[in-house]
Amino acid sequence: MPVAHINRLATAVPPHDVHRPFVDFAETLLPAGTARSLFRRMVRLSGIEHRYSFVQPVPTENGQWRDAEELYVVGNFPSTAKRMSAFEQYAPRLAKCALNRLELTAGERASITHVIVTTCTGLYAPGLDFDVVRHLGLNDSVERTMIGFMGCYAAINALKSAHHIVRSSPESRVLILNLELCSLHMQETQDLEQVLSFLLFADGCSAALVTADPAGLALDSFLAVSIPETGHLITWKIRDGGFDMQLSGQVPAELRRAMKDSGAQFTRGRDPLSFDLWAVHPGGRTVLDAVEQGLELPPEAMRFSRDILARFGNMSSATVMFVLQQVLAAAQSGQQGCAMSFGPGVTAETMLFHAA
């Protein structure tokens, strides 16, 4: 039976590093005292140094937040309509950047049969799938699939879909785009847990070519593992003032417990130490700690994930592809790997792979 492979991967982020300006701004949203002190401590422990956005911070004389388009004005944060207008403006720019870096030849573009797009941070139609087809000059009859609102684990589902397509039709050549503009959904709130969730998220995009050609990372198997009674811990709802994220601080503890109690589910019964390569979605430092401790992995197992977290933060569905890009560059033929991403459910979407 044919095996699907990630032959090539490219990534891109917007031009503005917003991590430090956001930290300074977020403090002003919180009441002075314990909340601000705890926030500062979590910033130091976050493991994040940079996050990128199309929102451009502008220095001010009084040190208060201001962005170039005045999207986030204290007391007047944008409506959902204004956020979606920004998504429609900026998302195609980021998509084109990642697609250009994939460096597809004219022949490769002509041979693409399927386009799969994942995003949970913006909606418009005709959408990103049409933008991909137009930008690359693909055949108008290419099959298009949009995977929406699945959150951080959507990229694994896109790879799963590509895996099924290639196995059923070996001549298929699948282009995957994972694009998120998480920074468009910051909320004006004094709730510390919600502000801490904004500390993690950023914008990013990945593009990948998946075919039966035996080069790159071979996709071996997929499995979704849900943790019972945790559906309320991660939610993502569309409201009048944008998309409203609820990310409970209990998630890492639940992941650690599930890994300790049912680790064999996540690795299909294999000893975690038998894997040479790990591509774990860096949902946050404590999430990576939970996986490492729950599966009793050595610290170096999370090295790619921690590096992406430090340099880019959590870019929702695109993030695990940034990690896989590093894995692809470092992998040696025959090495075995395990990838996983976490999201609403709480569910882990897992993928076993090997280097071709």
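Between the alpha-carbon centers of the stretch 152-230 and the stretch 24-100, tell me the distance in whole angstrom. Distance between centres, Cα-based: 23 Å.
Normalise the Debye intensity by I(0) for the stretch 197-279, one equal point scatterer per Cα, no solvent, then take log10 at q = 0.11, 0.15, 0.17 Å⁻¹ and round to two decimals. Listed by q, the Debye log ratios stand at -0.52, -0.91, -1.06.
Is any residue of the stretch 216-251 close enough, with backbone N under 20 Å, to a label point placed 7 angstrom from the Cα of Ala264 along the Cα-Cβ axis, and if so, which? Within reach of a label on Ala264, which here means backbone N under 20 Å from a point 7 Å along Cα→Cβ, the stretch 216-251 contributes 221-228.
Ranked by solvent-accessible area (1.4 Å probe, protein heavy atoms only, all chains present), the residues Met42, Met245 order from largest to smallest as Met42, Met245.
Between the DSSP loop rule and a limit of at most 14 other Cβ atoms within 10 Å, which trypsin sites (Lys or Arg not before Pro) in the stretch 264-356 are left? Here the sparse-neighbourhood loop sites are Arg268, Arg270. Using the Cβ atoms and a cut-off under 15 Å, what net charge is assigned to the surroundings of Thr189, where Lys and Arg are +1 and Asp and Glu are -1? Its environment carries a net charge of -3. Oblate is the label for the stretch 249-298. Its Cα gyration tensor axes, ordered a ≥ b ≥ c, give a/c of at least 1.5 and b/c at or above a/b. Looking at the square roots a ≥ b ≥ c of the eigenvalues of the Cα gyration tensor of the stretch 89-218, which shape do they give, rounded for a/c under 1.5, prolate if a/b is larger than b/c, or oblate? It comes out prolate by the Cα gyration axes. Restricting attention to the chain, close to 75% of DSSP beta bridges with both partner residues there are antiparallel. Per residue, the chain reaches -11500 deg cm²/dmol at 222 nm when only DSSP H runs of four or more residues are counted, each adding -39500 (n - 2.57). Return the label of the correct value of semi-axes √(5λ) of the Cα gyration tensor in Å, as calculated from the structure shown, out of (1) 32, 26, 17; (2) 31, 24, 23; (3) 31, 27, 20. Only one listed value fits the structure, namely (1). If you sort Ser317, Ser183 by accessible surface, 1.4 Å probe, largest first, the order is Ser183, Ser317.
Pairs of Lys residues in the chain are counted when their Cα atoms are under 30 angstrom apart and they lie 8 or more places apart or on different chains; the count is 6.
Seen from a random direction on average, the alpha-carbon convex hull of the stretch 157-230 projects onto 7.5 square nanometres. Spread over its residues, the convex hull of the C-alpha atoms of the stretch 40-160 is 163 Å³ per residue. Model label sites at Glu49 and Glu143, defined 7 Å from Cα along the beta-carbon direction, differ in position by 4.4 nm. Calculated on C-alpha atoms, the gyration radius of the stretch 3-71 divided by its Kirkwood radius gives an Rg/Rh of 1.15. Over the stretch 125-171, the alpha carbon radius of gyration divided by the compact-protein estimate 2.2 N^0.38 Å works out to 1.29.
The values are calculated or read from the model by the stated rules, or taken from the named source; none is laboratory data. As the structure is a computational prediction, the values presented were derived from the model and not from experiment. Cβ coordinates were reconstructed from backbone atoms using ideal geometry, including for glycine residues, and neighbour counts include every protein chain displayed. Note: areas computed on protein heavy atoms with side chains; ligands, DNA, RNA excluded. Shrake-Rupley method; radii C 1.70, N 1.55, O 1.52, S 1.80 Å.
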